[in-house]
1. Cα centroids of segment 529-573 and segment 381-408: how far apart, whole angstrom?
2. With N set to the number of residues, divide the alpha-carbon radius of gyration of segment 145-243 by 2.2 N^0.38 Å and report two decimals.
3. For the Cα atoms of the chain, what angle does the longest principal axis make with the long axis of helix 461-477, in degrees from 0 to 90, nearest 10?
4. Top to bottom by accessible area (1.4 Å), largest first, where do Lys439, Lys284 land?
5. Write out the trypsin sites (Lys or Arg not before Pro) in segment 327-357 meeting two conditions: DSSP loop, and at most 14 other Cβ atoms within 10 Å of their Cβ.
6. Can you compute the modelled spin-label distance between Tyr200 and Lys469, with each label point 7 Å from Cα toward Cβ, in nm?
7. Against the longest principal axis of the chain, how steep is helix 379-388, in degrees 0 to 90 to the nearest 10, with axes from Cα atoms?
8. Distance from a point 7 Å along Cα→Cβ of Glu523 to each backbone N in segment 341-385: keep the residues under 12 Å and list them by number.
Amino acid sequence: MTYIKPEILERVNTWLTPTFDEETQNEIKNLIASNPKELEESFYKDLEFGTGGMRGIMGLGTNRINKYTLGKNTQGLSNYLKSTFSGETIKVAIAYDCRHNSNTFGKVVADVFSANGIKVFLFEDLRPTPELSFALKHLGCHCGIVLTASHNPPEYNGYKVYWQDGGQLVPPQDGEIIAEINKLDYSEIKFESNSDIIQYIGIDVDDVFINASIENGSFDTSSEAKENLNIVFTSLHGTSIMSIPETLKRAGYTNVNIVEEQREPNGDFPTVASPNPEETEALKMAMELAQKVGGDIVIGTDPDCDRLGVVVRDLDNELVILNGNQTMILMTDFLLKQWKNSDKINGNQFVGSTIVSTPMMSVLANAYNVECKIGLTGFKWIAKMIKDFPQLDFIGGGEESFGFMVGDFVRDKDAVTSTLLACEIAAQAKAEGKTLYQKLIDLYVEHGFYKERLVSLTKKGIEGAQEIKQMMIDARENPLKEVNGSKVVRIEDYQLSIAKDVVNNTEEAIDIPKSNVLIYYTEDGSKVALRPSGTEPKIKFYISVNTKLDNVSAFKETEQLLEHRIDAILKDMNL
């Protein structure tokens, strides 16, 4: 007989009670008999809320996405909403993406809310995540849910929670809600739907959202410039097909070539290894189409349409993908210019970024006398900045992982409006006889050449999680003294909330919430950040280097120099 750890068996036995349906019980019995390793992976812990909500593999067990784990979340959230907004008519909005079971899970979540007497606005079909953030505020809801696993592999799904302001959950609400969920027994979940208080929504909200997107993402681009821009777009089998083509069309972009093979929403993502616009492979078909039709710009979005990859023509007219930092710099500078040209900058504005994104964001903001607020990884922290500083105007903000937000009408990264913004910048640049790539180089000449690279190590399962944990422990116990021959001058430990000046041997408190991130700064201006992913079984290393760029003609040589410096840093760190 196969040995199963007592603590796992105790968890498993709970799922063999009448609280759980017969099909679930039978599948668990099969796992006990045939796959104890999978059984342990499925039950060894509860799924946790990370950077982008709760994300995990679909299947049975406490460490999997299923009707019971989602039901328990929703029941705990219902209890919290009812105690927090006592006496009010509580309303929630629910959206879901193209993944397997997303529509089913969306209905399960709607049923549990309605069973608790909470009014539900449920999208009739898949919709982009930013539209949920918008709809929540538009409909005056207290809370919103999106069923999505973003760009994770097909076996994943997830559950993102949004609050009244349209942003994702942040402290203290997240901890309070998790405590409420943890108090619950599975038998307390109310699954019996009250269909009278579930209202389906769709085109009525789409219309208002698309118009708001155009209002926020359009900037006096001439009709001729719009018509002259040759755009290639791919939805990578995701939700953006529901919004982006129509947004571009209404905004006046008539020359849009869609990758037809990737138009159809499909949770298997059959034409790509991963539906992640950060990876060149995901945009391969779109780039091939761009070569065929002479495209000026290629844009691809992830399955839930909150992140976008942008491909442009380089100095040799070759197609190259911009990284998230480069896209963010181009978009932020463009927005700052619009605000400056309209005489709207008066010291009460800010842009937002994150601790692992390019330091060039602060340099850029400073050049326009605008504050750059920097928070933890994840757009919920940028949304929190907007909430915490209502007296300030939020211009825009982004993070290195291919997300950007234009204004505050949506309180999460928004690939719909950002796609339109990218086209506005490209169309205006083309009308000036330039490409986006040339615009980027101009910014490097003006503000300094910042070059970043991300290295991710995947460590799956129980052993992988332990390995990642140990890597962070080792990094803290044996901090680097130098990186690639350059002395470490500052160490920021966001778990301990301490920044140490190594040169003067002084310490100061870091005034943002704790997070498992460690950042080294060196004498030559390099920056190295270590961070376990909050949504995937990965540990990430973010490298940033910079130097002066005297002129455009020195670009290639200087870029190579910075690439070599990053290579040397990675070699020095055995990565």
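The values are calculated or read from the model by the stated rules, or taken from the named source; none is laboratory data. These figures come from a predicted structure and were not determined experimentally. Virtual Cβ from ideal backbone geometry, glycine too; neighbours counted across all protein chains shown. Please note that ligands, DNA and RNA were not included when accessible areas were found on the heavy atoms of the full protein model with its side chains. Shrake-Rupley method; radii C 1.70, N 1.55, O 1.52, S 1.80 Å.
1. Each part's Cα centre sits 25 Å from the other's.
2. Values: Rg = 19.8 Å, N = 99, 2.2 N^0.38 = 12.6 Å.
Ratio of Cα Rg to 2.2 N^0.38 Å: 1.57.
3. Once rounded, the angle reads 50 degrees.
4. On the way: Lys439 60, Lys284 115 Å².
From most accessible down to least: Lys284, Lys439.
5. Numbers: sites: Lys337, Lys340, Lys344; in loops: Lys344.
Loop-located and lightly packed - Lys344.
6. Going from the Tyr200 label point to the Lys469 one covers 4.6 nm.
7. Computed tilt is about 80 degrees.
8. It comes to no residues whatsoever.
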